[in-house]
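Encoded as structure tokens, the structure appears first; notes follow it.
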Amino acid sequence: MWSKGSIAGALAALLLATPGALAQKRYDPGASDTEIKIGTTTPYSGPASAYSAGAMSITAYFAMINDQGGVNGRKINFISLDDAYSPPKTVEQIRRLIESDEVLFLLNPVGTATNMAVVKYINQKHVPHLFIGSGATIFNNPEHFPWTMSWTPHYASEAEIYAKYILSTKPDARIGILAQNDDLGRDYLIGFRRGLGERASSMIVSYQTYNTSDPTVDSQVVTLKTAGANVFVIFSVPKFAAQAIRKAYDIGWHPQEFVSSVGSSIAGAIRPAGFEAAKGIISAAYQNDPADPQWRDDPAMKAWNAWMDKYNPRVDKSDYYAPYGYNVGYAVVQLLKQCGDNLTRANIMKQASHLDMELPLLLPGIRLKTTPSDLRPIKQMRLVRFDGQRYVLFSDVLASE
């Protein structure tokens, strides 16, 4: 027989249990009590292999997190596959990650053409496609691709910054452009022409492209010099940026040079080109340069250096993609912490579309911020100039639309 006291006790226990029941753990494929499985593709081989330092750095960041006990008690299993910067290979590897490895979500797969090849498939599968390594405008399209969001600031917005700077400092410029013959190069060109406005057709004296399968860009650089350009704008990946910078120097052509942020890595582009050849180049940045002495005593930079020494020694500290991978890893860990025990793909995307956070190695005044209608995490940059040893900041924070 139940007594009044035992009935009251049972009811009280039921009421106390209700919040726990409501907070029940929820998992989609790739998540469990012990593991969070994340996937990516990156070019460990091929013409854009310099970008692999990003995935290596993200892997190293997660290794540190796992040594600390993981996220909410779960270890991160980061599966990083080589796609050689080849769209057909990307399709194959992304399908493997989703259908065979059953990752919870995709993180920072690299490349514009490569992500274009899989974006529809990924969205049809309702898999979060987070912080992708491309600034192409098409990847901020919540209406058509609600599961996709970029990391890199928009190429078009970055190019517009260069164009406006040229208009203000060298209004009589004769501009030669070298661009990758894909959506990366085309996006940069759209923004650059937009920044020049009605003067674009008169100021751009030559526009040359290259394919990532080309062995060199020597002939294009010679053509740009012959056209009489006194400003040289390079919209490319590091390998071809290095070739272009070096060729211009070797043929005695010394225009004012600009190189897109995605091709500006000291380790991937500047050092191969030669520091003297690259002196004076202008680019744009949104993250701290570890070589900049103003950050030497910054606690976040000290922590980064300690992490590099212990977890990421294979990547050069001067590589753009070392702090890049650290920032991406940090942001994902914070995102997963926000998800708590609700590790469903829908909740991950919900949290990703409501970000507002500082990252340890973003430049002051720049922060991660997203909304459901604008999934670009980073919308601000600052201009930098290479002084022969490192990049030096010389502008305020510039916001992009």
Next item on the list: Sort the following peptides by mean Cβ neighbour count (other Cβ atoms within 10 Å, averaged over residues), highest first: 124-136, 182-194.
Entry: 124-136, 182-194
Checklist line | Selected from TYR391, TYR85, TYR207 as most flexible by GNM, with the chain as the system and alpha-carbon contacts under 10 Å | finding: TYR207
Check: What pairs from LYS37/LYS125; LYS239/LYS317; LYS279/LYS302; LYS337/LYS369; LYS170/LYS239 go past 26 Å between their alpha carbons?
Finding: LYS279/LYS302; LYS170/LYS239
Check: If you roll a 1.4 Å probe over the chain with all protein chains in place, what percent of the accessible area is carbon or sulfur?
Finding: 52
Note to self: So, R0 is 25 Å and r is the distance between the beta-carbons of GLU92 and GLN334; what FRET efficiency does that work out to, to 0.05?
What the structure shows: 0.20
Notebook entry, point to check: Label-point separation (nm) for ALA291 and GLU358, each offset 7 Å from Cα along Cα-to-Cβ?
Noted result: 2.7
Checklist line | For the chain, accessible area per residue (1.4 Å probe, heavy atoms of protein chains only), Å² | finding: 41
Next item on the list: Only helical DSSP H runs with n ≥ 4 go in: add -39500 (n - 2.57) per run for the chain, normalise by residue count and round the 222 nm mean residue ellipticity to 500 deg cm²/dmol.
Entry: -11500 deg cm²/dmol
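For the chain, what is the relative contact order in percent, using Cα pairs closer than 8 Å and at least 6 residues apart in sequence?
17
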Notebook entry, point to check: For ASP298 and LYS125, what is the calculated FRET efficiency with R₀ set at 45 Å and r taken between the beta-carbons, to the nearest 0.05?
Noted result: 0.65
Notebook entry, point to check: Of the listed peptides 160-169, 271-280, 105-114, what is their order by residue-averaged count of other C-beta atoms within 10 Å, with the highest listed first?
Noted result: 105-114, 160-169, 271-280
Next item on the list: Would you please calculate the Kirkwood hydrodynamic radius of the stretch 234-357 over all C-alpha pairs and express it in Å, rounded to one decimal?
Entry: 16.7
Next item on the list: Specify the inter-centroid distance of the stretch 260-322 and the stretch 378-401, based on alpha-carbon positions, in whole Å.
Entry: 13
Next item on the list: Please list 297-306, 70-79 highest first by mean number of surrounding beta-carbon atoms within 10 Å per residue.
Entry: 70-79, 297-306
Check: How would you classify the stretch 157-274 from its alpha-carbon gyration tensor, with a ≥ b ≥ c the square roots of the eigenvalues: rounded for a/c under 1.5, else prolate if a/b is greater than b/c, otherwise oblate?
Finding: prolate
Note to self: How far apart, in nanometres, would the label points at ASN181 and LYS350 be if each is projected 7 angstrom from Cα along the Cα-to-Cβ direction?
What the structure shows: 4.7
Note to self: Restricting the calculation to Cα positions, tell me the Rg (one decimal) and the Dmax (whole number) of the chain in Å.
What the structure shows: 23.4, 101
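The values are calculated or read from the model by the stated rules, or taken from the named source; none is laboratory data. Because the structure is a prediction, the values reported are computed rather than measured. Because the Cβ atoms are built from the backbone with ideal geometry, glycine has one as well, and the counts that use them run over all protein chains shown. For accessibility, only protein heavy atoms count, side chains too; no ligands or nucleic acids. Shrake-Rupley method; radii C 1.70, N 1.55, O 1.52, S 1.80 Å.
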